[in-house]
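The values are calculated or read from the model by the stated rules, or taken from the named source; none is laboratory data. Remember, it's a predicted structure, so these values are computed and weren't measured experimentally. Glycine also receives a Cβ, built like all others from the backbone with ideal geometry; neighbour counts cover every protein chain displayed.
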Amino acid sequence: MSQEVNSSLYASSNALSLHELARNMQIVSGPLEDEHPLNVALLMFSKHPEKYFRYARLEVVFIPDSSGNNMIEKTFTGPIQNQLKDALHYLQLQLIQEKTIKMPNQAEAVRIVNYPFEAIE
């Protein structure tokens, strides 16, 4: 198990059973004889949350012109925190273009960032 957040449960997590850990994390509910996972548990800890929630995915769509042609679509699935990380990483690498140009007769280079999206006001 890896620690991604500063949780006090991390230190004792190896000594706890899965049931005790889930109870301490408050991601299960109900009496012991009818215990069930909460929605947050299914979204964060299921490899395929779309099995439980039909559209539990992120979709990034880039529409370069008003005709709708040449659209770029990318779908992200899996645990919700992975979807968010993957979608942000994709946007950073694929859609935000940055270059640095050294201009003649100038001491400093010019940094150009091209966002292919129009500004939303």
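Kindly indicate whether any position in region 17-32 is assigned to a helix (DSSP H, G or I), touching a helix residue (DSSP H, G or I) at 6+ places or on another chain (Cβ under 6 Å), free of Cβ contacts under 8 Å to residues at least 12 places away in the same chain and surrounded by 12 or more Cβ atoms within 10 Å (Cβ to Cβ). The answer is no, given that none of the residues of region 17-32 is assigned to a helix (DSSP H, G or I), touching a helix residue (DSSP H, G or I) at 6+ places or on another chain (Cβ under 6 Å), free of Cβ contacts under 8 Å to residues at least 12 places away in the same chain and surrounded by 12 or more Cβ atoms within 10 Å (Cβ to Cβ). Only residues that are more than 21 Å from Leu91 (Cβ to Cβ) and hydrophobic (A, V, I, L, M, F, W, C) were counted across region 44-76, and they come to 3. Residue check: is Tyr52 in contact with a helix residue (DSSP H, G or I) (Cβ under 7 Å, 6 or more places away or on another chain), surrounded by fewer than 15 Cβ atoms within 10 Å (Cβ to Cβ) and of a type outside the set (A, V, I, L, M, F, W, C)? Yes; evaluated as a whole, the condition is true for this residue. Quick check, is Ile80 at pLDDT below 90, within 30 Å of Val113 (Cβ to Cβ) and either out of contact with any strand residue (DSSP E or B) (no Cβ under 9 Å at 6 or more places or on another chain) or not charged (D, E, K, R) (or both)? No; evaluated as a whole, the condition is false for this residue.
Is it fair to say Leu58 is without any contact (Cβ under 8 Å) to a residue 24 or more places away in the chain and in contact with a helix residue (DSSP H, G or I) (Cβ under 8 Å, 6 or more places away or on another chain)? No; evaluated as a whole, the condition is false for this residue.
Looking across Gly78, Gly68, one residue alone is assigned to a loop (DSSP other than H, G, I, E, B), of a type in the set (Gly, Ala, Ser), at positive phi and surrounded by 12 or more Cβ atoms within 10 Å (Cβ to Cβ). It is Gly78. Considering (1) assigned to a loop (DSSP other than H, G, I, E, B); (2) closer than 30 Å to Leu91 by Cα; (3) outside the structural domain of Asp86 (by TED's automatic domain parsing), the lone condition that Tyr10 does not fulfil carries the number (2).
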